[in-house]
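Structure record follows, encoded as C-alpha cells.
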Protein chains: 2
Amino acid sequence: MGALTNMRVIDLTQILSGPYCTMVLADMGAEVIKVEKYPHGDDTRFMGPFQNEESYSFMMVNRNKKGIRLNIKTEEGRNVLYKLVETADVFIENFRPGVAEKLGIDYEELKKRNENLIYCSISGYGQTGPYSHKGGYDIMAQGMSGIMSMTGEHGGKPVKVGMAIHDIAAAVTAVYNILLAHIHRLNGGKGQYIDLSLVDAGLAWTVWEAAAYFGAGEVAKPNGSRHRVAAPYQGFKTKDGHILVGAANQKLWELFCKHVINKEEWIEDPRFLSNKGRQENIEVLEKLIEDILVLAESEHWLKKMEDVGIPCGPIFNYDEVMNNSHILHREMVREYEHPVAGMIKNLGIPAKLSETPGKITSPAPYLGQHTKEVLQQLNIPEEDIRLLKENNII
Amino acid sequence: MGALTNMRVIDLTQILSGPYCTMVLADMGAEVIKVEKYPHGDDTRFMGPFQNEESYSFMMVNRNKKGIRLNIKTEEGRNVLYKLVETADVFIENFRPGVAEKLGIDYEELKKRNENLIYCSISGYGQTGPYSHKGGYDIMAQGMSGIMSMTGEHGGKPVKVGMAIHDIAAAVTAVYNILLAHIHRLNGGKGQYIDLSLVDAGLAWTVWEAAAYFGAGEVAKPNGSRHRVAAPYQGFKTKDGHILVGAANQKLWELFCKHVINKEEWIEDPRFLSNKGRQENIEVLEKLIEDILVLAESEHWLKKMEDVGIPCGPIFNYDEVMNNSHILHREMVREYEHPVAGMIKNLGIPAKLSETPGKITSPAPYLGQHTKEVLQQLNIPEEDIRLLKENNII
C-alpha cells in the first residue's frame, strides 16, 4: 500500500511539469486519471524517440496512471469531467491563465461541484501579475529567473541548464503543496486553490545567489565548473573523460601537489601560495593542472585523490551514469513491459521509504486505454458511452 | 494557521539541503527545532556575506525556525536530544552514512524512544551501495548524475548549473517524502525511515535525457542555450543584455524574418529553407542574427516578437530579476527584521495557496536563541539547565 492509496487525482496537464507531478503522486499510490484531449491526446505523444510507435518521452512521465480521452470542449465531454471531479480529491491543470475559465473548468466552477477539491494550476508566470498572460516554457523561465545568466563558461554567454529545471521545479513544488493541502483536509480543513508558476518555483531555489545579492550586491555570473571562492575546486579533462577536483583549502592543495600530481614545487610558487593567489591565477593554474591530468585516465586520478582524502568525483556522461554500479545498486534504472512498446526502461524512484515505498505497478497508458473502465465506474450507461464515442467525445 | 501546524520537526542538518527542506516545512507552519552543534553551530554561520556579523547565507534558509545549541557528543547532550525526539513527529539529519549510528542517534536507536517517528537521512550517495561511504557535495552530485555533462557551450567543457541543483533536489524530495510519511501516519500508519541521496534526487529529474538515452541511445551533450531539435530557439546578445528567441517552426521563422529583423530574403536562402537546414547551419545563422540583434535593446526586440506572437523572453541577470515588476508582484522578494542583523531581504514562497498560505513569521535564530525556552518546555529543571551550560553541553 502506497502512502496515497486513498487519493484520487484528475489530471488535465500535458508535456512535462504537470505529468511529472502526477507521476510522483501515482508512484506513491494515488489513483491518477489522466484526461487527454480529443482526438490526439497529450502533445508529448508526438515527441520522439518512439518504440513500436509509442513515444518514449510520454512513457517516461506517465507510468502508474490511468488514461482516458475526452473532448472537454463539448458540453457532453464537460459533463463527464464534472462527474469525475465529484469523485476526486485533486484536480490539476496547466492551461495558459484564463483558458480553464473559458472551458468552464476553473476553480470557482469545480468548487461548486466538490467543495473539498484541491485545485492546482501550473503556468509559466502564475495567475496574477503583469506577465501572467504570456505563454511560458522551461527555457523562458530559465531566462526570467536568472538561472541562465549564472550558468556557462567564465566570461561567456548564458547557457541553459541541460535538463528542464523549471518544469521540474514547478512539478515537485506542486507535489508538496498538493500534499500540504491534502494534510489540511485530513486535519478537518476544506479544499483550496494552488497557484504555481514555473518562474517562481525555480527562482525560490537560488538561495546562495540571493544571499550574495541581498547581502553584498553581488550578481552571480557564469563561472564554468569553478567554485566561487575556492581554487582549484572544479572540473578537469583527463585522458578518457572529466573529473572534479575539490582541493578546497591549503591542506588539500598541498596534498594534491605532493601526492596526486607530483608537483611539490608548486606549493612554494609565489602565484599559488594562498587560496587568494590560486583564485587570481586560476586561468594559468587550470591549464598547468590539466596538462598533467590529461596524461592518465579518470580512475587513476580519482584513486590517488581518494587515497589521501581529497574530495573528488567523476563527471560522467549519461551513458556512464546509466551503467554505473552505484546508480544501478540504488535502483535508479528500472525495466518493465509496456503493452504496445514492449520492454522499456525508466528512471527509478529517488527516495527509499521503509514502510510505504513508491512502486512502479503499471506502464503509461496508451491513448484512451481506460476510458471505458473509468466511465463505467461513474455509472454512465453503456448506451451513453456508445453515443459519446459516436459523437467524438471520447 | 499553516497546513503543518501540528508537526514538530527536530532538525540536525546544516549547510543547504537539510535546512532548505525544514525551511519549507517551517514556512507551512511546522515547529522546526534546529539543533546546532556545540560550540560554533551550523557551518553556514561562517559563510558570507555578513550583516552585523550574522551570515546572510544562514539567514536565507533558516527563517521560521527555533534554534538551540547542543553538544550531542556528550551523554548529557544526547539525553536532551532523546527527550526532544520523544516529543517529535519528524527527525532529519545529513551526517555521512555511519556517523548517526556512532553518535547513538540512528533510526534504530530513536525508534525505541518514539515508534511513530519519521526519520529522514540526506546524504551525498545514500545509505547503501558502493559509493555510500563517500562524502558528497552538490558539485560531486552534478558530476555523478550527468547533469554537468549536458550543460555548457556546444562542443565545450562541462559546466556546473549556476545554483546548487542537487542540494535543492534532495531538499524538496525530502519535503514531499516527509509529507507522504506524515499522511501515512494520519491514516493510521506507523513512522518510517527515509533514505535520500543528492545524486538520486537530481538524477530522477533528467527525464527527457533518459527518454533519448533509453529510447535511442542518445547521450545528452552541452548545447549552449540552443534547443535540441528546433532552430533558431535560443539566446542571443542584444545591445544591453540577452534575450530568448523561440522561432520554433516554419511559420514563426518566417514571421521573425519579415517582421522582427527585416530579412525577408533569408526565407528563400537555401541554407535556411527548413528547420533541418537551419539546424545544420546554426553556427552561421546564429552569427547573422546576433549581428542584427546587438544593434538595439532587448526591450525593442521583445516587443516586436510579442506583437507577432513569437515566443520570446528576456535573459535577466540576477539584479534585473530582483527588480522586475512581475517578480515583485508575485512577492518573491520579502523584507523583514532580524534582531541582530537588522532589516534583511529574502526570497518569497513560490506556491500561492488560498486556504493555508505559507508565511514568514520569524527570522532565522541567532546561535542558541531558543535553547532555554525549548529545554524548559521539556520540563528540564532550571538547575539542570544551569549545569548543562556550565558543562559546555548547551
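The values are calculated or read from the model by the stated rules, or taken from the named source; none is laboratory data. Not measured: the values here are computed from a predicted model. Counting neighbours? That spans all protein chains shown, and the Cβs are built from the backbone with ideal geometry, glycine included.
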Please give the helices (runs of 4 or more DSSP H) falling wholly within the range A:1-94 in which 2 or more residues are in contact (Cβ under 8 Å) with a residue 40 or more places away in the chain and β-branched (Val, Ile, Thr). A:17-27, A:75-86
If you take the residues of the range B:109-130 that are free of Cβ contacts under 8 Å to residues at least 60 places away in the same chain and touching a Phe, Trp or Tyr at 6+ places or on another chain (Cβ under 9 Å), which of them is nearest to the other protein chains (Cβ to nearest Cβ)? B:Leu110
Residue within the range B:287-298 that is over 21 Å from A:Gly126 (Cα atoms), more than 10 Å from every other protein chain (Cβ to nearest Cβ) and part of a strand (DSSP E or B) present: no
Given the conditions (1) within 10 Å of chain B (Cβ to nearest Cβ); (2) surrounded by fewer than 16 Cβ atoms within 10 Å (Cβ to Cβ); (3) hydroxyl-bearing (Ser, Thr, Tyr), which single one is not true for A:Ser274? (1)
Checking A:Gly136 against (1) at pLDDT below 95; (2) within 7 Å of another protein chain (Cβ to nearest Cβ), only one condition comes out false. Which one? (2)
Would you please name the residue that is surrounded by the fewest Cβ atoms within 10 Å (Cβ to Cβ), looking only at residues in the range B:224-253 that are among the polar types (S, T, N, Q), assigned by TED's automatic domain parsing to the domain that holds B:Asn275 and part of a loop (DSSP other than H, G, I, E, B)? B:Asn249
Residues in the range B:159-203 that are within 7 Å of chain A (Cβ to nearest Cβ) and of a type outside the set (S, T, N, Q) total 27
Among the listed residues B:Lys304, B:Lys359, which satisfies the condition of being basic (Lys, Arg), under 24 Å from B:Gly246 (Cα atoms) and either assigned to a loop (DSSP other than H, G, I, E, B) or away from chain A (no Cβ under 14 Å) (or both)? B:Lys304
Which members of the range B:139-158 meet the condition of being of a type in the set (A, V, I, L, M), facing another protein chain (nearest Cβ under 7 Å) and in contact with a Leu (Cβ under 9 Å, 6 or more places away or on another chain)? B:Ile139, B:Met140, B:Met144, B:Ile147, B:Met148
Touching a residue at least 12 places away in the same chain (Cβ under 8 Å), on the phi < 0 side of the Ramachandran plot, surrounded by fewer than 22 Cβ atoms within 10 Å (Cβ to Cβ) and under 24 Å from the mean Cα position of the chain (by Cα), is that true of B:Lys221? yes
Return a yes/no flag: does the range B:333-346 have any residue that is under 21 Å from B:Leu4 (Cα atoms) and of a type outside the set (Phe, Trp, Tyr). no
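Residue-by-condition table, conditions (1) more than 19 Å from B:Leu244 (Cα to Cα); (2) in contact (Cβ under 8 Å) with a residue 12 or more places away in the chain; (3) not assigned by TED's automatic domain parsing to the domain that holds B:Val61:
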| site | (1), (2), (3) |
| --- | --- |
| B:Ile310 | no, yes, yes |
| B:Val321 | no, no, yes |
| B:Met343 | yes, no, yes |
| B:Arg386 | yes, no, no |
